[in-house]
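Written out below as structure tokens is the structure these notes cover.
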Ligand code: EPU
């Protein structure tokens with residue numbers, strides 16, 4: 001989608017936003033899949049309510065893009081534009097056992113920043129790609145850690161009220177790869193309370209997680225992490241592996257040889273290829289195990 005109204009473009013500039021025409025989502029997502037649309041970089045998040053009002057007034061559909069690491073985007077010309085909050089540096093500060101972090105900050109960067117201030121607890125999240133905002137929304141987790149356990153407050157822009165609001169940790173419900181935020185809430189900033197732990201111990205724990213991840217996940221290939229959520233008490237990766245699906249592919253959309261719940265873009269996979277692979281595998285698991293796997297990856301279709 002293209003913003004072709006000159007008054008809208010002028011108003012965006014006045015609000016400190018930058019228009020990046022014809023952005024390729026394939027270049028902005030870890031899967032390397034996705035079509036083309038206009039993108040707006042919002043340098044000051046305080047201007048977000050005004051920008052959304054402007055776009056709504058002009059009937060321009062829009063979506064908020066974070067790190068693009070858990071996302072499968074449609075091919076071709078997209079029917080909505082993309083908003084992005086670029087990260088500020090460092091975008092985080094520490095007060096005692098509390099870390100205040102911008103949602104646009106890199107999740108791994110936050111883990112090491114906190115470690116340098118002798119704050120731990122987040123070690124398991126070290127290799128999870130993406131932004132803090134994406135991690136909050138999905139309640140990202142790995143190796144027994146999930147971010148939700150440490151969240152004490154979240155500041156967000158709520159589409160329903162059209163306002164920036166702050167929620168206390170107790171008012172937010174975090175479950176396995178799910179949070180109680182509304183789907184169109186825009187994460188802005190979070191406060192985490194973390195246990196004190198010596199830097200050296202944190203780094204040692206981080207190394208262990210990195211090793212485990214390198215041994216079991218295809219880190220050098222284009223992927224969106226795990227495609228399916230694990231079913232209660234089960235493992236999607238193990239089921240797919242047992243069905244002999246490693247290497248199974250539709251075009252260049254391929255079930256990883258290293259971890260069967262990672263579907264990689266081995267070349268020029270399209271969204272159509274990846275969706276066909278997902279549905280075929282889901283069918284196979286339903287047929288063989290009677291289990292309906294749920295997507296973990298987020299779909300952005302036209
Ligand atoms: N397994 C296989 N074959 C495979 C993959 C896994 O047999 O191809 C077996 C493993 O040997 C193990 C079991 O399945 O016994 C579970 O595998 P793993 O330890 O790799 O964990 P997972 O449940 O597949 C989850 C998260 C990952 C996270 C890891 C580490 C989900 C959907 N996935 O994977 O998160 O990194 O644990 O904590 O919850 C993600 O969210 O995108 C993601 C990658």
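The values are calculated or read from the model by the stated rules, or taken from the named source; none is laboratory data. Because the structure is predicted, anything quoted here is derived from the model rather than measured. Here Cβ is always computed from backbone atoms with ideal geometry, including for glycine, and neighbour counts include all displayed protein chains.
From 294, 201, 193, which residue is surrounded by fewer than 19 Cβ atoms within 10 Å (Cβ to Cβ), more than 15 Å from the ligand (Cβ to nearest atom), in contact (Cβ under 8 Å) with a residue 60 or more places away in the chain and under 22 Å from residue 139 (Cβ atoms)?
The unique qualifying residue is 193.
Based on this model, can you work out whether residue 209 counts as surrounded by 14 or more Cβ atoms within 10 Å (Cβ to Cβ) and within 7 Å of the ligand (Cβ to nearest atom)?
Criteria not met by residue 209.
If you scan the range 7-56, which residues turn out to be more than 22 Å from residue 70 (Cβ to Cβ) and assigned to a loop (DSSP other than H, G, I, E, B)?
Matches in the range 7-56: 15, 16, 43, 44.
Sort out which residues of the range 110-132 are in contact with a helix residue (DSSP H, G or I) (Cβ under 9 Å, 6 or more places away or on another chain) and either more than 16 Å from the ligand (Cβ to nearest atom) or more than 23 Å from residue 218 (Cβ to Cβ) (or both), and write them in order of number.
Residues satisfying the conditions are 110, 112, 114, 115, 116, 117, 118, 119, 120, 121, 122, 132.
One residue is enough: does the range 106-113 have a residue meeting the conditions more than 30 Å from residue 1 (Cβ to Cβ) and either in a strand (DSSP E or B) or at pLDDT below 95 (or both)?
no
So which of 253, 236 is modelled with pLDDT of 95 or more, outside the structural domain of residue 140 (by TED's automatic domain parsing) and within 9 Å of the ligand (Cβ to nearest atom)?
Result of the check over 253, 236: 236.
What about residue 229, is it more than 10 Å from the ligand (Cβ to nearest atom) and under 18 Å from the mean Cα position of the chain (by Cα)?
Against the criterion (more than 10 Å from the ligand (Cβ to nearest atom) and under 18 Å from the mean Cα position of the chain (by Cα)), residue 229 does not qualify.
Just to verify a result, which residue in the range 133-143, among those that are more than 22 Å from residue 204 (Cα to Cα) and outside any loop (DSSP other than H, G, I, E, B), is farthest from the ligand (Cβ to nearest atom)?
For the range 133-143, the residue satisfying everything is 133.
Please go through the range 166-184 and give me each residue that is within 16 Å of the ligand (Cβ to nearest atom) and either touching a helix residue (DSSP H, G or I) at 6+ places or on another chain (Cβ under 9 Å) or at pLDDT below 95 (or both), ordered by number.
Listed by number, the residues that qualify are 174, 175, 177, 178, 179.
Being in a helix (DSSP H, G or I) and not assigned by TED's automatic domain parsing to the domain that holds residue 32: is that true of residue 276 here?
Against the criterion (in a helix (DSSP H, G or I) and not assigned by TED's automatic domain parsing to the domain that holds residue 32), residue 276 qualifies.
Look at residue 224 and say whether it is within 16 Å of the ligand (Cβ to nearest atom), assigned by TED's automatic domain parsing to the domain that holds residue 166 and outside any strand (DSSP E or B).
Here the answer is no, as residue 224 does not meet what is asked.
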